[in-house]
Amino acid sequence: MTADAQTYVLRATRPRTPRQRLGTALWFVAVLLISLTTVFPLVWTIVTSLKPEGEILTSSLRIWPDAPTLENYVRAWTTVPFGRYFFNSTFLAVAGVVLNIFFGSLAGYAFARLRFRGKRVLFGALLSSLMIPGIVTMVPTFLVLRRFPFAGGNDLFGDGGTGFINSYWAVILPGAAGAFAVFFMRQFFASMPEELAEAARIDGASEFRIFAQIYMPLASAGAAVLGILTFQAGWNSFMWPLIVLSDRSMLTVQVGLAAFKSEHTTDYGPLMAGTVIVSLPVLLIFVLAQRYIIEGVAHIGSK
């Protein structure tokens, strides 16, 4: 046994002082309280979704219902066109993931590997945009989409129609190449060896081929993490789709959940059931892709 191992065994078998035991006990209590405050809202949501309508308000503090039922899930799915909303959210989130990964990776590769005039200034401006709250840019973005030339019946000057408003493009285009996506992928490409690109250029490969066939496969972990974060943001988006989409057949699940809440009453049963249904895709993706999340975060943290 080495000296380090002997020291570890001696420390492990040494009697603990009262102060150490108290510190350990307090640590476990703190962890338990934090876990309860974090998990209890989720447990309450799931339990409430299984309660009959008459039991939700009369025994809201009871953990488990007397007569569990799936009626709330049926009502959540049939009261509003939940299937259509589910499709809309899925389409918008997936389209946002594809475009954000593609354009974010292209721009990140350009900032990391290409040499051009004004690169530092442009990258600094890009990072500065991350400090601007999204609520500040909502009105300018809406006006740009509303007056986009030759879209939605508009003429060359953006008059006469609605532009991209009340279409899927109004949700997809503003986040097609986010500043965070460019910065995130740039960090991955900057950490890769330059010799790979030089060898490919000597063999006559184009710059896009170098990006697509050499560097992009090496950044698959980063692209996976970016895709997960983009999907989560797109799936949970509420305010922007509510502003730019007026056709009920184009609404998302987050906006659809608001149908169970009126000015004076709230239908808690279907609302909680719909919340559980809406949360499942994101939870499933995190469970299946947690390996990529850990790998990507560890890669960024090591830089």
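The values are calculated or read from the model by the stated rules, or taken from the named source; none is laboratory data. Here the structure is a predicted model, which means the values were calculated and not measured. Note: ideal-geometry Cβ built from the backbone for every residue, glycine included; neighbour counts use all protein chains shown.
Things worth noting here:
- Of the residues making up segment 205-228, just one is aliphatic (A, V, I, L, M), under 12 Å from TYR109 (Cβ atoms) and without any contact (Cβ under 8 Å) to a residue 12 or more places away in the chain, namely ALA212.
- Residues of segment 98-122 that turn out to be free of Cβ contacts under 8 Å to residues at least 60 places away in the same chain and surrounded by fewer than 18 Cβ atoms within 10 Å (Cβ to Cβ), as a count: 10
- Here SER89 meets each of (1) in contact with a helix residue (DSSP H, G or I) (Cβ under 6 Å, 6 or more places away or on another chain); (2) modelled with pLDDT of 90 or more; (3) not in a helix (DSSP H, G or I) with one exception, condition (3).
- Search result, residues across segment 64-86 that are part of a helix (DSSP H, G or I) and touching a residue at least 12 places away in the same chain (Cβ under 8 Å): GLU71, ASN72, TYR73, ARG75, ALA76, TRP77, THR79, PHE82, ARG84, TYR85, PHE86
- Wholly enclosed helices (runs of 4 or more DSSP H) of segment 172-285 bearing at least 1 residues surrounded by fewer than 21 Cβ atoms within 10 Å (Cβ to Cβ) and polar (S, T, N, Q): 179-190, 220-236, 253-257
- Residue match in segment 154-170 (condition: assigned to a helix (DSSP H, G or I) and in the same structural domain as PRO241 (by TED's automatic domain parsing)): yes
- Checking each residue in segment 76-97 for being aliphatic (A, V, I, L, M) and farther than 17 Å from PRO281 by Cα picks out only VAL80.
- If only residues of segment 102-126 that are within 17 Å of MET192 (Cβ to Cβ) and not small (Gly, Ala, Ser) are counted, the one that is nearest to the chain's Cα centre (by Cα) is LEU106.
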